[in-house]
Every structure is written in structure tokens, then in C-alpha cells.
1. Rounded to the nearest Å, what's the spacing between the alpha carbon centres of the range 43-102 and the range 12-37? Just the number, please.
2. If you work out log10 I(q)/I(0) by the Debye sum over Cα atoms at q = 0.13, 0.14 Å⁻¹ from the coordinates, which of [x] -0.51, -0.60; [y] -0.72, -0.79; [z] -0.86, -0.95 do you get?
3. So which of LYS39/LYS64; LYS64/LYS155; LYS51/LYS109; LYS39/LYS98; LYS39/LYS134; LYS109/LYS155 end up more than 23 Å apart by C-alpha?
4. Quick check on the chain: helices-only [θ] at 222 nm, where DSSP H runs of length 4 and up contribute -39,500 (n - 2.57) each and the sum goes over total residues. Nearest 500, please.
5. Hey, any idea what % of the chain's accessible area is carbon plus sulfur with a 1.4 Å probe?
6. I need the phi-derived Karplus couplings for the range 22-39: 6.51 cos²θ - 1.76 cosθ + 1.60, θ = phi - 60°, integer Hz, Gly and Pro marked x.
7. Just to confirm, what accessible area per residue do you get for the chain at 1.4 Å probe, in whole Å²?
8. Which peptide among 112-118, 131-137 comes first, and what is the full order, when sorted by highest mean count of other Cβ atoms within 10 Å?
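The values are calculated or read from the model by the stated rules, or taken from the named source; none is laboratory data. The structure displayed is predicted, hence computed values, not measured ones. Here the Cβ positions follow ideal geometry from the backbone for every residue, glycine too, while neighbour counts run over all protein chains shown. These area figures cover heavy atoms from the full protein model, side chains too; ligands, DNA and RNA do not enter into them. Shrake-Rupley method; radii C 1.70, N 1.55, O 1.52, S 1.80 Å.
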Amino acid sequence: MTSSASEPTLGALPEWNLADLYPGMESAEYLTDLDQGAKECAAFADQWRGKLADVAKGADASAKLFEAIKAYEAIEDRLGRIMSYAGLVYSGDTTDPKRAKFYGDAQEKITNASSDLLFFTLELNRIDDALLEKAISTAPLAHYRPWIEDVRREKPY
């Protein structure tokens, strides 16, 4: 189908206002979150990797596991915010090589950083069912019961 002279032109298309996420692709806030996210992933792994089973056996299992999941959730929120922003910037003009590079760089950095988090759900799934059930039956961990149950559905895999 060809365009006729009588068809209206669209003009400039609207752009998303992403300022609620970050002021710009090279903003200090974005770069700080990117750096902080990587540091938090590494620190989280240092603090919790290989320790969840022992934590679940302790008298304060509910509180300690709650602390770990709350920290994990905060890190995931930061990483999600970064990738949401990068994805939306790129989606605004997928033909712009600067945006494509920005998105690709963000994906690479977040993938590298989040590799430090892979252990967490795997270790949660290795905790003995009875121990974890006891821990999620009391506050504060009971708050995360639905999420833990969802994660444990993947246990055989």
C-alpha cells in the first residue's frame, strides 16, 4: 500500500518520561545503582553462600532467613529497576545504536553481577522440608511463605 498525499503525517511521536527511574543514561544515579548493584550481589554471596542449610537448623532460623530474603529482594529490586530503565530506553528507539549499546551493556553488567545470586534459590531448595516449614510457620519469615513455596515448586529441577 502506498501513502497518499491526503494522509496526515504523524509528526513527532511521544517519548516516555523515564525520569522517575533515572534522569538519563549517563546520570550519576544510574551509574551509582549499577555499581552498587554489583557490589551488593558480591557482598550477598559472601555473606550467605553455603550457609543457608546451617541457618535453617538454628534457633533463630525464621529471623535469619527473613534477613537473607529481604536483602535478596532489595538487590533484585535494584537490578530490576536498572533493567527496566535500560529496556524502556532501548524500546523508545531500537534503531539508535547508542541506545542499543546502552541496553546491551546494562544486560551484560546485570548478568555478570546477578551470577553471584544464582546460589540463593538453589540453596533454599536444598533445605530440609521440615526445617523450612518450621521456619516459615513463624514470624518474621511467614511473610515470605508464598514466595518460598513458589521457589520450592522448582525444587526437583
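1. That distance is 18 Å.
2. Computed from the coordinates, log10 I(q)/I(0) by the Debye sum over Cα atoms at q = 0.13, 0.14 Å⁻¹ corresponds to [y].
3. Numbers: LYS39/LYS64 21 Å; LYS64/LYS155 21 Å; LYS51/LYS109 26 Å; LYS39/LYS98 26 Å; LYS39/LYS134 32 Å; LYS109/LYS155 28 Å.
Where the Cα-Cα span goes over 23 Å, the pairs concerned are LYS51/LYS109; LYS39/LYS98; LYS39/LYS134; LYS109/LYS155.
4. On the way: 7 runs with 102 residues, N = 157.
It comes out at -21000 deg cm²/dmol, rounded to the nearest 500.
5. On the way: 5380 of 9960 Å².
Carbon plus sulfur share of accessible area: 54 percent.
6. Listing the rounded values in order: 8, x, x, 5, 10, 5, 4, 4, 5, 5, 5, 4, 4, 5, 5, x, 5, 5 Hz.
7. Working: 9960 Å² over 157 residues.
I get 63 Å² per residue for this part.
8. On the way: 112-118: 15.7, 131-137: 17.6.
Result, highest mean first: 131-137, 112-118.
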